[in-house]
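For reference, the structure discussed in these notes is given below.
The values are calculated or read from the model by the stated rules, or taken from the named source; none is laboratory data. Since the structure is predicted, the reported quantities are computational estimates derived from the model, not experimental observations. Surface areas here come from the heavy atoms of the whole protein model, side chains and all, with no ligands, DNA or RNA. Shrake-Rupley method; radii C 1.70, N 1.55, O 1.52, S 1.80 Å.
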Amino acid sequence: MSRRSVWNWFGGRPRERFSLEELEHLVGVLEKNPVIGPGNREAIVETLRSIAELMIWGDQHEPRFFEYFLEHEALAHFHKILRGRDNRRGDVAKQVLQTLSIMIQNLRNETSVYYIFSNNHINDIVQLAFDFNDEEVLGYYISFLKTISLKLNVKTVQFFFKQDGGACSFPLYTEAAKFINHREGMVRAAVRTLTLNVFNVQDPLIQDFVVAKPASNYFTELALYATEQCQVLDLMLSAAEKGKNSSIGALDSQLAEIEDTLSYFNDILSTGSEKMGVELSRALWEYFVGPVLLWPLLDIPIQSALTNRPSEGANVKRSGAVRPVCSLYVVERLFHLVDNPIVVNAAACCLFAGSQGLCTACQKAVGEHLVPTAPNMDDWQGEEDVQRVVSEKQTSSSG
C-alpha cells in the first residue's frame with residue numbers, strides 16, 4: 001500500500017511530508033486503531049514506518065517532533081500494539097521492532113536517547129514473548145537488542161538494570177544471552193556484539209551482575225559451545241580422512257566459526273572487568289581448554305572432567321573428547337588468537353610439563369580447575385547431537 005493510499009484509506013488529505021501536522025496525523029492513526037486486524041494491518045505497518053522516518057528527521061531538524069512524540073506517549077502505543085499476542089508475529093512485529101531500531105540507532109541528541117529509554121516501555125518490550133519460530137521476527141528482535149546496546153553507557157544502562165531489594169534483573173542482557181548458541185551466525189554475531197557492549201560499561205553493579213549466578217552461567221555455555229564446535233570439526237576431519245563426500249565449504253565454515261569464537265573469548269578477556277576475565281578463564285579451562293584440547297595431547301586416559309558439570313541454571317549436556325589432530329589445530333589457534341595469560345600461560349605450561357603437573361604460578365592462576373583429568377574417548381557422549389550439527393552445516397554450505 002502506498003503512502004498516499006494509506007491516507008486515502010483513513011480519509012485524510014496529503015500533508016507536507018516532514019511536518020508536525022504529518023506526525024500528529026500518524027500518531028492519531030495509532031490512537032484511533034487500538035485493535036489491529038486484517039482490515040487495517042497493512043495501513044498500521046505503513047504508519048509505523050512513516051513515524052520512524054519523521055522522528056529521525058525531527059531529531060536533526062525539528063525538536064518539536066520529539067516533544068510531541070513524548071507528550072502523546074507514542075511509545076506507549078507501540079508497547080500496546082505488541083501486548084497483543086497476534087501482533088508479536090508477522091509483519092506488525094517486524095515493523096514495530098524495525099521502527100524502534102531505526103529510531104534508536106539514528107538518534108544523535110543525548111537527551112532524546114534518555115527520553116526514549118526513561119519511561120520503561122523499551123525495557124518492557126525487550127521482555128515480551130515474540131514468535132521466535134519466525135526467523136525474521138527473531139532477526140529483527142536481536143537487531144533491536146543490539147541497537148539498544150550501542151547506546152549503553154554508565155547513565156543509560158540504569159534504564160535497563162533494575163534492583164528490587166536484593167534481587168537484580170537485566171533483561172537486555174539475559175534475553176540476548178539465550179541465543180548465544182543459535183544456529184544462525186548473524187544471531188550469534190549480534191549477541192556477541194551486545195554482550196561486549198555490556199561488558200564495556202564501567203559500572204560495578206553491571207560487572208558484579210554478569211559474574212554472579214545465574215548470569216555467570218553464560219560463560220559456562222560459551223565454553224561448552226566451543227567444545228561442541230571442536231567436536232563438529234573433529235567429525236568433519238575424520239570424514240575427510242576416510243574419503244567421505246564431505247563439503248569443503250562446510251569444513252571451511254567450521255574452521256572460521258572456531259576462530260571467531262576464540263576471538264570473541266579474547267575480546268571478553270580484553271574488554272571486561274578482572275572478575276569477568278577470571279570467570280571466563282575458569283570456565284574455559286574447566287570445560288574447554290584443559291579437558292578438550294590439552295588432555296588428548298597429553299594422553300592421560302582418565303575419566304572426563306566434563307561429567308562433573310554444574311546443573312543449576314545451566315542448560316548443559318555431556319560432551320566428550322576430540323582426537324589429538326583436532327586438539328593440536330585448535331590449540332595453535334588458541335595461542336594465536338587469545339593473549340590472556342591465565343589461559344595461555346597455563347595451557348603452555350601443561351604442554352611443556354606434560355603429565356608431571358603445572359608450575360606454581362599456573363596453579364595459583366586457575367586453582368582447582370587445573371586438576372589434570374582427561375576425557376576418555378571410549379566414553380564420548382553427545383555424538384548424535386554433534387552429528388546433527390555436522391549435517392546442518394554441510395546442508396547449509398551446499399545450499
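Kindly write out, for region 267-273 in residue order, the coupling ³J(HN,Hα) from the Karplus curve 6.51 cos²θ - 1.76 cosθ + 1.60 (θ = phi - 60°), rounded to whole Hz, with x marking Gly and Pro.
Once rounded to whole Hz, the list reads 4, 4, 5, 8, 8, x, 6.
Students sometimes get this wrong: rank H79, H336 by accessible area, probe 1.4 Å, all chains present, largest first.
Details: H79 15, H336 120 Å².
The residues order as H336, H79, largest area first.
Express in whole angstrom the spacing between the alpha-carbon centres of region 201-226 and region 140-187.
12 Å
Rounded, prolate or oblate for region 62-103? Axes are the square roots of the Cα gyration tensor eigenvalues, ordered a ≥ b ≥ c, and the cut-off for rounded is a/c under 1.5. Provide the component values of the computation, followed by the final result.
Working: a/c = 4.63, a/b = 1.87, b/c = 2.48.
Since a/c reaches 1.5 but b/c is at least a/b, the shape of region 62-103 is classed as oblate.
List the pairs from K32/K80; K146/K178; K80/K146 whose alpha-carbon separation is above 18 Å, in the order I gave them. If you can, show how the numbers build up before the last one.
Details: K32/K80 13 Å; K146/K178 14 Å; K80/K146 22 Å.
In this structure, K80/K146 exceed 18 Å between Cα atoms.
Starting at the first residue of region 135-141, write each ³J(HN,Hα) from the Karplus equation 6.51 cos²θ - 1.76 cosθ + 1.60 with θ = phi - 60°, in whole Hz, x for Gly and Pro.
In residue order, the calculated couplings are 4, 5, 4, 4, x, 5, 5 Hz.
Taking a probe of 1.4 Å, how large is the accessible area per residue of region 168-277, in Å²? Don't skip to the answer; put the middle values down first.
Numbers: 4260 Å² over 110 residues.
Value for region 168-277: 39 Å² per residue.
Accessible area of C350, 1.4 Å probe, to the nearest 10 Å²?
0 Å²
Once neighbouring chains are kept in place and the probe is 1.4 Å, which whole percent of the accessible area of region 165-211 is contributed by carbon and sulfur?
On region 165-211, the fraction of accessible area on carbon and sulfur atoms equals 55 percent.
Residues of region 67-135: accessible area per residue at 1.4 Å, in Å²? The partial results should precede the final answer.
On the way: 3240 Å² over 69 residues.
Spelled out: the 1.4 Å probe surface of region 67-135, per residue, equals 47 Å².
I need the phi-derived Karplus couplings for region 338-350: 6.51 cos²θ - 1.76 cosθ + 1.60, θ = phi - 60°, integer Hz, Gly and Pro marked x.
10, 10, 6, x, 4, 7, 5, 4, 5, 5, 5, 4, 4
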